[in-house]
Structures are given as C-alpha cells and as structure tokens.
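A short worksheet on the structure shown next.
The values are calculated or read from the model by the stated rules, or taken from the named source; none is laboratory data. This structure is a prediction, so every number in the text was calculated from the model and none was measured. Glycine also receives a Cβ, built like all others from the backbone with ideal geometry; neighbour counts cover every protein chain displayed. We work out accessible area using only protein heavy atoms, side chains counted, and drop any ligands, DNA or RNA first. Shrake-Rupley method; radii C 1.70, N 1.55, O 1.52, S 1.80 Å.
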Amino acid sequence: MTIEVRNLVKTFGSFKALDGIDLKVDSGELVALLGPSGSGKTTLLRIVAGLDWPDSGEVFINGEDALAQGARERHVGFVFQHYALFRHMTVFENVAFGLRVQPRAVRKDEAAIRTRVKELLDLVQLDWLADRYPSQLSGGQRQRIALARALAIEPRILLLDEPFGALDAKVRKELREWLRSLHHEIHVTSIFVTHDQEEALEVANRVVVMDKGRIEQIGSPGDVYEYPATAFVHGFIGESIELPVQVEGGAVRLGGRPLRLAAEGLAPGASKLFVRRHDMLIGPPGSGAFEGAVRHVRNFGPVQRAEVALSGGETIEIDAPRDKELRVGDMIGLEPRRYRIFAG
Ligand code: ADP
Ligand code: MG
C-alpha cells in the first residue's frame, strides 16, 4: 500500500497548520514525521486517517482518492500517545474489539476471532497478559496492546502518533527496537510521528523533517544527519554549535572579525554557521579558525563536554575524546573538521 499526499493545505482560522505538504510513502515503508511541537505532524496524520479534512490538496491511499472516502473505508490502523484501551475490557477483548464490531457480512466467527487475537498477542509478545485489564499493565505493555488492537482489522496502513511519548526514556528505547523489528516482520506501510530525533532516526527507514507546516527535508536517517538541507534541520537534528556570522567581502566574519573559513560560493549577508559538537578539533591557540578559553569540563559519559568562551564573546559547547586533556582556564584553538553555512 502506498500513501501519497499532494500540496496539502490546512488552516485553523488564519493559522496555516499545513502549508503545502507533498509526500510519498512507498509500500512497506516505515516513515518518521519528525518536527517540533506545533509543526503540523498530528494534523497531517489526522487528514491521512480521515479524522480531519484539508482546505485543499489531495490524499491517495494505494492510488485511490482517500478524501472521497470516510475514515472507515480507508482501513487505517491508528495508535495515539495516550492509551486508548477500554478500561473495562480485558486485553483479549480490547484486541478483539475491532473484529467484533465489523459489519456482519465480513465479521469472523468466534473461533476465528480467538485465533486472530491469539496471533496478534503472540506478535506483540504479550499473549500471557490476555486476561488482564489495562490498569494491570505497564505503560509500555499498554502501547503494545494498542498496536495489536490497531493491527487486528488488518489495516492497509498504520499511523502512529507519538505512541511512546508518555513513556520513560528506557522503555521508549526498548519499544523503538521492538517496533522496528515488528515492522520488519509485518511490513505494513507506516507513518510514525515523533518530536524525538533519536527515536525518528532509529526507527524509520526515511525521515520527513517538518517545521511550521512545511517539509524541510526528506531523507534517510544518515542523510538528514550528515547532510542537513536547511538551517532548521541542522539545528534540530544532532547537537550543533550555531554561530551568527556575516558573509562579507569574501570572508566569513564573527562579531566583525574574519574567520579562517572558506567563503566561496556563499551569498553575502547575515548567515548561520553550524558545526557538530564533535567536529571541533582541539589544538593550541592559533591552530584553528577559533580561539577560546575552557570554562567548564564535564568529564563523564562517552565524551568530554567542554564549555568554551570564544575570544569574540560567544560561548559554545564542544565534545572532545575522553583522553584529550582539557582543564578549566586553558586557552585552546578550535578548527572545524566540517561545517555548514546557511544564509539567513
Ligand atoms: P504537532 O502534532 O506537530 O505538535 P499539530 O498538528 O497538533 O502539531 O498542530 C499544528 C498547529 O495547528 C499548532 O499550532 C496547533 O495549535 C494548531 N492546531 C491543531 N489543531 C487545531 C484545532 N483543532 N484548532 C486550532 N488550531 C489547531
Ligand atoms: Mg502532535
């Protein structure tokens, strides 16, 4: 099943929640919609699901005009952040629900329903919880059951809106791996919404980065991390040092002083310089494009994180290997191994 969205616009009053969205999801893909809160992710998902309608634009599911269909006809599985399980029903009955309410003509008989529910509980590895009630489950277990319930009707596509958003960090991490391997098993075309970049990059085979109702970039996790297309993407994905610079007279200037950085091909004007924290090479003063004094060193975790006050007055944070000796008060030179400059 494919999903295609063309030039989708959605306004609430005078506010443009979606501002011309074009997106194609191939059959069997797991695509992540990644963007800050308010960027339009839920709005887009709800329109694909048939829970809301756009002002203009088109939606196709498997090549069919989805906007001409109601939510039911689209045959979409939906999982939300907040557990939507029925509290008065057992896990088994929650998963069976979608099958029991199907039109009589297509409804499975009781034996077939029991077999299907058993399969689904096996699939999410929670068959042993069949007789429990939602209140007796952990948050992570509830979301796995919610997923089993969404899959019960054999949806053509699966839409997940921050499904792990309410869970704690460790459980989220486990569920990401679990979801990725589950998708590998069932291959249902899926859109996974999150504001958590790590989650998006780990779960999906393609990432759609959104901001202010627009798509900023679509690419593999490697692409959006290594080759951000815009200043927004660079700032949002991965940890970056961000400095306001001026491109002027063939030089890149920080606070008026030229930096030893190539300015060829850059449009003159106010710009933003981005460097990944781990891409700053540390040397003696005078050895790089920047110079500064070490203000603070955090020496735990996989790398050392140092706060450096640049001579120009800006303060940045860099990541250095643990074996690099850094002491508060040291003057150092910094040379970006890689950097990007975006206009604006
Ligand atoms: P996200 O899921 O990325 O956090 P949403 O799609 O929920 O973003 O919302 C995008 C923007 O549209 C937000 O600014 C939100 O306040 C606004 N919005 C969403 N739904 C409504 C609504 N029903 N009425 C008015 N504004 C809305
Ligand atoms: Mg949302």
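Across segment 235-262, what is the total count of residues that are in a loop (DSSP other than H, G, I, E, B) and either within 30 Å of residue 208 (Cα to Cα) or of a type in the set (Val, Ile, Thr) (or both)?
Applying the first criterion (in a loop (DSSP other than H, G, I, E, B)) to segment 235-262 yields 237-239, 249-250, 255-256, 260-262.
Retained after the next criterion (residues that are either within 30 Å of residue 208 (Cα to Cα) or of a type in the set (Val, Ile, Thr) (or both)): 237-239.
The total comes to 3.
Considering only residues that are among the small types (Gly, Ala, Ser) and within 16 Å of residue 309 (Cβ to Cβ), look in segment 238-288 and name the one that is least open to solvent (accessible area, probe 1.4 Å).
The residue in question is 288.
Looking for whichever is over 17 Å from residue 252 (Cβ atoms), open to solvent by 40 Å² or more (accessible area, probe 1.4 Å) and acidic (Asp, Glu) here; the options are 319, 323. Which one fits?
Numbers: 319 fails: open to solvent by 40 Å² or more (accessible area, probe 1.4 Å).
Every option except 323 fails the conditions.
In segment 35-46, is there at least one residue being touching a strand residue (DSSP E or B) at 6+ places or on another chain (Cβ under 8 Å) and within 30 Å of residue 136 (Cβ to Cβ)? Walk me through it before giving the result.
Start the filter on segment 35-46 by keeping residues that are touching a strand residue (DSSP E or B) at 6+ places or on another chain (Cβ under 8 Å), which leaves 35-36, 39-45.
Within this subset, residues satisfying the condition of being within 30 Å of residue 136 (Cβ to Cβ) are 42, 45.
Yes.
Among the listed residues 168, 161, which satisfies the condition of being among the charged types (D, E, K, R), in the same structural domain as residue 120 (by TED's automatic domain parsing) and under 30 Å from residue 63 (Cα atoms)?
Just a single option satisfies the conditions, and that option is 161.
Those residues that are among the aliphatic types (A, V, I, L, M) and within 16 Å of ligand 1 (Cβ to nearest atom), I need them from segment 185-203; list them, please.
The answer is 191, 193, 200.
Look at residue 293 and say whether it is under 34 Å from the mean Cα position of the chain (by Cα), in a strand (DSSP E or B) and surrounded by 14 or more Cβ atoms within 10 Å (Cβ to Cβ).
no
So which helices (runs of 4 or more DSSP H) are wholly in segment 124-234 and hold at least 3 residues that are of a type in the set (Gly, Ala, Ser) and surrounded by 16 or more Cβ atoms within 10 Å (Cβ to Cβ)?
Answer list for segment 124-234: 139-152.
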